[in-house]
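First the structure, in the form of structure tokens, and then the observations on it.
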Amino acid sequence: MNVAIVGGGSKCLYLLNFIEQHIFQIISPKIIAVADTNTDAVGFVKARNQGLFVTQDYNDFFDRNDVDLIIELTGDLDIYNDILRKKKKNVRAIAHTTAILFWEISRIARKEQDTRLKLHEAKTIYEVMINELIEEDVMVIDTDYCITDINDTMLNKLGLKREKTIGHFCYEITHHRNTPCSGNNHPCPLTQSLETHKPSKTTHIHLDKSGNELYYSISCYPIKEKGEVTGVIEISSDITKDIKRQKNMMQQEKLMSIGRLSAGIAHEINNPLTTIMTSSMLLQEDTDPDDPIYGELETISKEALRCRNIVKSLLDFARQSKPVRKSLNFNQIIMDTIFLVQKQAGFNDIKISTNLSDNLPMTYLDKDQIQQTLINLALNAIEATDPGGNVKFSTETNPETGMIHIDISDTGCGIPKENLDKIFDPFFTTRETGTGLGLAITHGIIEQHGGTIEVESTPGKGTCFTIMLPVKQGEKHGA
Ligand SMILES: Nc1ncnc2c1ncn2[C@@H]1O[C@H](COP(=O)(O)OP(=O)(O)OP(=O)(O)O)[C@@H](O)[C@H]1O
Ligand SMILES: [Mg+2]
């Protein structure tokens, strides 16, 4: 790796000496050029004596094809920004603060040269900062909250170019704020590390473009130079999936206990209900249809029947029946479901469309149960959508996990954020005639199949439920 250095002072000299004295196992850095306006600077002089390329103008670096990394050692952010703007795309530039980190890595590697663990540590830090192989977001921030370096992972997530972030305040880039983060929801780990000179950790909740909550675990490590903290390295990782998994497990436990309770109650209620229904029917038979009591008796039978349906749904929900699985074509189940709900949709002037993958692997599942979940989701979507709207079924295989993903999306009213956590709870309903069991049953069935169900919704725009299911490997079929 060929390195060019801007700033030929003592730090440059240190780096020249350091590289000269050590055999590197992880990287083989080679300083090939040094720039400084002061031709008497100690590092500059050494470089010149060694026959390296020296110049008073760092712009000379940009024409060279042999530079892999430019290290800015003057500490001047304007110079660093200028380098970022002018350098070739494949050339990496690191700033003064990151360079300090670089010394730290070197120091670890030097002190503990023979210790494998330490070398491994140095390698990891190196990869984090330079090669950027990790999934976490990494920023180097100075004591004024200005970003002095940032890794590609984070830039990709932010959708920003490096030049647009360097020199900007971290709170401005990540939180769109004018002042550093504060308060219980957003304590600033950087402030804490600057005050205590110690590492600090916190969790932040961010909202994505659709208003969904993203959980970030943020750690800050102070960077010290001659005992003074000159900045921090901040590493944040998205822990939304872990939090969701945790919530899912709690939901499962809740459902299981409610399931057992409901099964008991439903069973007890079923018998008296049947008695009420048959008695009122018998009484009706003995009553003249013109008698006002006849109408009252009819109401009793109708309402008792409605209760019976609720009890039946409850028993369906509580019945922890194991799925009876067969190898099936999922697209076919979708087409069968559409056939069943088409009438309802047409009645409400709602269009049902599909976007089905034509090389979906065969799935191993209980057709009746899965069809029940799709009908629940489709009916919910139809209920939520105004005439003229759209309900869409899509299928695809996730190339990474091999699982199949089924989306049921609608252009309906959406679900308010405060309800998103409740919709899978039994008896949660916003519909006058709803029992609130549809999604609870759906959730249970998908879990029984080893899958998961997630929801994304924008009030006023629509909702998308995504089912993710494992498949029986090895077979492919058409739509
Ligand atoms: N596609 C959707 N769009 C908007 N809101 C939805 C959608 N799907 C579900 N919901 C909300 O979630 C609630 C719970 O749905 P669930 O299917 O469990 O019960 P329900 O539809 O109210 O009654 P039922 O037991 O008859 O299905 C609904 O009342 C509604 O508020
Ligand atoms: Mg429903």
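Structure data summary
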{"read-out": "Criterion: more than 26 Å from Ala318 (Cβ to Cβ), within 16 Å of ligand 2 (Cβ to nearest atom) and acidic (Asp, Glu) - qualifying residue of Asp410, Asp386", "value": "Asp410"}
{"read-out": "Matching entry among Ile173, Ile205 (being outside the structural domain of Ser457 (by TED's automatic domain parsing), touching a residue at least 12 places away in the same chain (Cβ under 8 Å), under 30 Å from Leu420 (Cβ atoms) and surrounded by fewer than 14 Cβ atoms within 10 Å (Cβ to Cβ))", "value": "Ile205"}
{"read-out": "Evaluation of Pro199 against (1) of a type outside the set (Gly, Ala, Ser); (2) farther than 30 Å from Pro459 by Cβ; (3) surrounded by 16 or more Cβ atoms within 10 Å (Cβ to Cβ) (one fails), failing number", "value": "(3)"}
{"read-out": "Conditions (1) at pLDDT below 90; (2) surrounded by 20 or more Cβ atoms within 10 Å (Cβ to Cβ); (3) touching a Phe, Trp or Tyr at 6+ places or on another chain (Cβ under 9 Å); number of the one not met by Ile370", "value": "(1)"}
{"read-out": "Of residues in the stretch 250-264 being modelled with pLDDT under 80 and aliphatic (A, V, I, L, M), the one nearest to the chain's Cα centre (by Cα)", "value": "Leu255"}
{"read-out": "Condition met for Asp407 (surrounded by fewer than 21 Cβ atoms within 10 Å (Cβ to Cβ), under 15 Å from Thr463 (Cα atoms) and modelled with pLDDT of 90 or more)", "value": "yes"}
{"read-out": "Residues located in the stretch 336-348, provided they are free of Cβ contacts under 8 Å to residues at least 40 places away in the same chain and either farther than 16 Å from Ser394 by Cα or among the aliphatic types (A, V, I, L, M) (or both)", "value": "Leu340, Gln342, Lys343, Gln344, Gly346, Phe347, Asn348"}
{"read-out": "Within the stretch 420-454, tally of residues that are under 16 Å from Ala381 (Cα atoms) and more than 13 Å from ligand 2 (Cβ to nearest atom)", "value": "3"}
{"read-out": "Search result, residues across the stretch 410-425 that are within 18 Å of the chain's Cα centre (by Cα), modelled with pLDDT of 90 or more and of a type outside the set (Lys, Arg)", "value": "Leu420"}
{"read-out": "So Tyr58, is it at pLDDT below 95 and closer than 27 Å to Asp142 by Cα", "value": "no"}
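The values are calculated or read from the model by the stated rules, or taken from the named source; none is laboratory data. In this text, all values refer to a predicted model and were calculated from it rather than measured experimentally. Cβ sites come from the backbone with ideal geometry, for glycine too, and all protein chains shown count toward neighbours.
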